[in-house]
Structure formats: C-alpha cells, structure tokens
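The values are calculated or read from the model by the stated rules, or taken from the named source; none is laboratory data. Not measured: the values here are computed from a predicted model. Reconstructed Cβ throughout: ideal geometry from the backbone, glycine too, with neighbour counts over all protein chains shown.
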Amino acid sequence: MLENFYAYRLMVSVTPADLEYYTGWLNEMAAKGLYFVKAQGELVTFERDTPAQVRYHLEPNSPFSHPEREEDYREQGWKCLGPVGRDFTLYLSKNPDAPPFHTDPVAQSYTLDRLIKIWTSWFLLLVLLIAEGIFRDLWRYHFYHFTLFDPLILCSAGYSLFKVLRLRKRLRMGIPPSDGTDWRRASLGRRLLLLAWLAYLVYLAVSLWL
C-alpha cells in the first residue's frame with residue numbers, strides 16, 4: 001500500500017448491466033493504480049495503490065449460492081469484494097492468468113435468466129404505470145402534459161435490459177464474453193443517457209428559476 005491513501009468517486013462510465021465492459025473498465029483503472037472499494041448508485045469509490053494487472057468479474061446474484069461454491073472460487077484465486085447494487089456481486093483475482101470464472105458460455109448464460117426476469121417485470125410495470133398515468137389524465141382532463149421524464153426513465157430501464165438480453169443471446173450461441181478492453185465504445189449509449197438526464201435536470205432548474 002502506498003503511504004498516501006486517496007479515495008476517488010467517479011461517475012460510472014459503464015453500467016453494471018454491461019457486465020463484461022464494467023469489469024474491463026475496472027481492470028483498466030487497476031492498471032492505473034485505482035482499485036475498487038465500493039459502488040453507491042452512480043458513483044464508485046476507488047483507493048490508490050501500486051498499479052497492477054488484475055482481473056475483476058461481475059456475477060449476477062443468485063438465491064442458490066452455496067458456501068462450497070464460494071470456497072471453490074477462493075481456491076481458484078477469486079476474492080469476493082461485495083455487492084454492486086442489488087443485483088450483482090464483484091470478484092477480484094490478483095492473478096491476471098487465473099482460471100476464468102466461467103468456462104462454458106452456454107452455462108454462464110443461465111446465470112442471467114433470473115436477473116432478466118426481474119428486470120423485464122420491472123420494465124413492464126414501469127410501462128403500465130406510465131400508460132395508466134397518461135390515460136388517467138386524458139380521461140379526467142382530456143389533456144396530457146408531456147415531459148421528458150417518462151421517456152428518459154423508460155430508456156434507462158430499457159437500456160439495461162437490452163444489454164443483458166444481448167449478452168445472454170451471445171452466450172447461448174457459445175460466444176465467450178469480451179475481455180472488456182473496448183469499454184469506451186460500449187459506454188457511448190450510457191454517456192448519451194447521462195447527458196440527456198443532465199440536460200433535463202438543467203431544464204427543470206431553469207424552469208423553476210424563471
């Protein structure tokens with residue numbers, strides 16, 4: 001550990017729904033000497049240490065996790081760092097050549113099934129709530145006041161769902177996940193969404209001020 005300790009809170013460049021690219025981003029940060037400590041919403045806390053080549057792995061949470069399985073992960077060199085949000089657990093291996101967390105892409109695809117069911121249910125519920133609000137206003141007032149909030153929240157939820165659906169499709173085809181080194185390209189959609197939210201918040205602030 002370096003003598004000086006620094007904690008950094010950086011806006012997440014890629015969403016955890018981009019499992020392979022999220023870990024690719026963390027791998028690159030570690031190569032710069034910034035190591036994951038914890039994630040809080042849109043922010044990640046890092047600590048500074050000696051730069052090194054490491055490997056992170058983000059695993060969807062499962063109600064069927066067993067202590068024996070966690071012991072197998074430890075024996076293979078994977079250390080559990082804790083949760084990332086409500087849906088994922090992050091692992092770290094200080095050996096860049098450690099055995100992969102999953103050796104069969106098809107088997108790995110099934111770890112996403114529960115997550116996709118939950119996110120699909122939330123997305124459909126969100127669609128129904130927005131539709132109910134639109135029809136209620138049209139029925140009562142014969143008018144609906146459009147705001148950017150509804151499409152933005154739908155796009156944010158739909159973006160995450162689309163990412164895991166696409167990853168599962170590739171895994172089911174037997175295609176192994178990417179090493180995540182091209183996370184900058186994968187983060188373009190994420191950055192556009194964040195810019196849209198920022199523009200919307202600025203618009204609201206200006207509207208309230210005026």
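Is it the case that some residue within region 99-112 is of a type in the set (G, A, S), closer than 26 Å to K169 by Cα, at pLDDT below 95 and not in a helix (DSSP H, G or I)? The answer is no, given that none of the residues of region 99-112 is of a type in the set (G, A, S), closer than 26 Å to K169 by Cα, at pLDDT below 95 and not in a helix (DSSP H, G or I). In region 47-79, which residue that is of a type in the set (A, V, I, L, M, F, W, C) and in contact (Cβ under 8 Å) with a residue 40 or more places away in the chain is surrounded by the fewest Cβ atoms within 10 Å (Cβ to Cβ)? For region 47-79, the residue satisfying everything is A52.
Restricting Y73, Y8, Y91, Y35 to residues that are modelled with pLDDT under 85, touching a Phe, Trp or Tyr at 6+ places or on another chain (Cβ under 7 Å) and assigned to a strand (DSSP E or B) narrows the list to Y8. For W139, are the conditions met, namely being assigned to a helix (DSSP H, G or I) and at pLDDT below 85? Yes: the conditions hold for W139. Within the option set R140, R136, being farther than 28 Å from W197 by Cβ and more than 15 Å from the chain's Cα centre (by Cα) holds for one residue only, R140. Considered as a group, the residues in region 11-32 that are among the charged types (D, E, K, R) and in a helix (DSSP H, G or I) include one that is modelled with the lowest pLDDT, and that residue is E20. Is it the case that some residue within region 169-184 is touching a residue at least 24 places away in the same chain (Cβ under 8 Å), part of a helix (DSSP H, G or I) and over 21 Å from the mean Cα position of the chain (by Cα)? Looking for residues that are touching a residue at least 24 places away in the same chain (Cβ under 8 Å), part of a helix (DSSP H, G or I) and over 21 Å from the mean Cα position of the chain (by Cα), one finds none in region 169-184, hence no.
Could you go through region 95-117 and let me know if any residue there is touching a helix residue (DSSP H, G or I) at 6+ places or on another chain (Cβ under 7 Å) and among the polar types (S, T, N, Q). Scanning region 95-117 turns up at least one residue that is touching a helix residue (DSSP H, G or I) at 6+ places or on another chain (Cβ under 7 Å) and among the polar types (S, T, N, Q). Between A157, A186, the distinction of being surrounded by 12 or more Cβ atoms within 10 Å (Cβ to Cβ), within 20 Å of H57 (Cβ to Cβ), touching a Phe, Trp or Tyr at 6+ places or on another chain (Cβ under 7 Å) and not polar (S, T, N, Q) belongs to A186 only.
Checked against the criteria, L129 counts as over 28 Å from H57 (Cα atoms) and either part of a helix (DSSP H, G or I) or at pLDDT 90 or above (or both). Looking across region 142-154, just one residue is of a type in the set (V, I, T) and either surrounded by 14 or more Cβ atoms within 10 Å (Cβ to Cβ) or under 15 Å from F123 (Cα atoms) (or both), and that is I153.
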